[in-house]
């Protein structure tokens with residue numbers, strides 16, 4: 001970001017002097033045509049991520065996520081969709097220098113309950129110059145860049161380590177749905193189809209842990225049979241114990257497998 005005298009705003013691309021109107025935050029440099037965002041006394045690049053998914057394709061991405069391994073079984077069929085909306089959501093895209101290399105950090109530039117957006121990776125080649133025609137569908141940024149700098153400082157990142165900063169608008173479909181009497185929100189990023197959700201009906205771990213514990217306990221007990229038989233009957237007892245262990249193992253294996261399949265089908 002270019003250094004500027006107090007009260008003077010410079011384009012981060014060509015260092016041309018900018019004169020935004022009062023209250024104007026989205027503007028285009030008259031010298032080089034760069035799209036920039038005016039955050040108080042700071043000017044940063046302004047980009048947007050072009051969507052590649054329409055509403056139907058976003059719904060399909062949501063359905064695949066609901067039918068996946070993270071959520072409860074049949075969430076895609078048992079949940080009720082209550083609302084769909086689309087908007088370009090703003091995030092701060094900051095590049096910081098760490099140990100001689102650059103790392104990208106994303107922080108929401110407006111209030112959101114889905115903080116998982118920070119895990120998104122933005123390929124530089126997919127970013128496009130923000131256009132004035134997108135403003136009607138864009139969420140205005142409400143988190144100042146100085147606030148982000150404060151968050152980074154708390155993590156030990158100094159201003160000198162910041163290589164570049166930009167405001168990026170992400171294309172997001174917001175889906176509202178209900179399941180088992182509770183309301184949930186999930187986001188589908190419309191450029192890649194990535195699904196983000198902080199809270200959702202997740203698979204219960206207890207039944208799977210019970211199935212694993214039952215299998216482990218059963219075969220641990222069976223493995224002790226030859227040792228006990230050897231201690232009581234020597235070599236002959238050892239042979240008998242192995243036969244008993246193998247026979248019981250053949251009986252226990254299908255039972256345990258059926259139990260595991262039942263758990264997978266029910267949870």
Test: residue 204 is modelled with pLDDT under 80, exposed (fewer than 15 other Cβ atoms within 10 Å of the Cβ) and either in the same structural domain as residue 242 (by TED's automatic domain parsing) or out of contact with any helix residue (DSSP H, G or I) (no Cβ under 9 Å at 6 or more places or on another chain) (or both): yes
Members of the range 100-118 found to be outside any loop (DSSP other than H, G, I, E, B) and either under 18 Å from residue 166 (Cβ atoms) or modelled with pLDDT of 85 or more (or both), listed by number: 102, 103, 104, 105, 106, 107, 108, 117, 118
Residue match in the range 76-99 (condition: crowded, with 18+ Cβ neighbours inside 10 Å, out of contact with any strand residue (DSSP E or B) (no Cβ under 7 Å at 6 or more places or on another chain) and in a helix (DSSP H, G or I)): no
Residue satisfying condition, being modelled with pLDDT of 80 or more, within 30 Å of residue 139 (Cβ to Cβ) and in contact with a strand residue (DSSP E or B) (Cβ under 9 Å, 6 or more places away or on another chain), within set 167, 162: 167
Hits in the range 114-145 (condition: more than 15 Å from residue 36 (Cα to Cα) and loosely packed, with under 11 Cβ neighbours inside 10 Å): 119, 121, 123, 124, 125, 136
Residues that are in contact with a strand residue (DSSP E or B) (Cβ under 7 Å, 6 or more places away or on another chain) and assigned to a helix (DSSP H, G or I), drawn from the range 28-72: 55, 58, 61, 62, 65
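The values are calculated or read from the model by the stated rules, or taken from the named source; none is laboratory data. All figures in this text were calculated on a predicted structure; none of them were measured in a lab. Cβ atoms come from the backbone with ideal geometry, glycine included; neighbour counts cover every protein chain shown.
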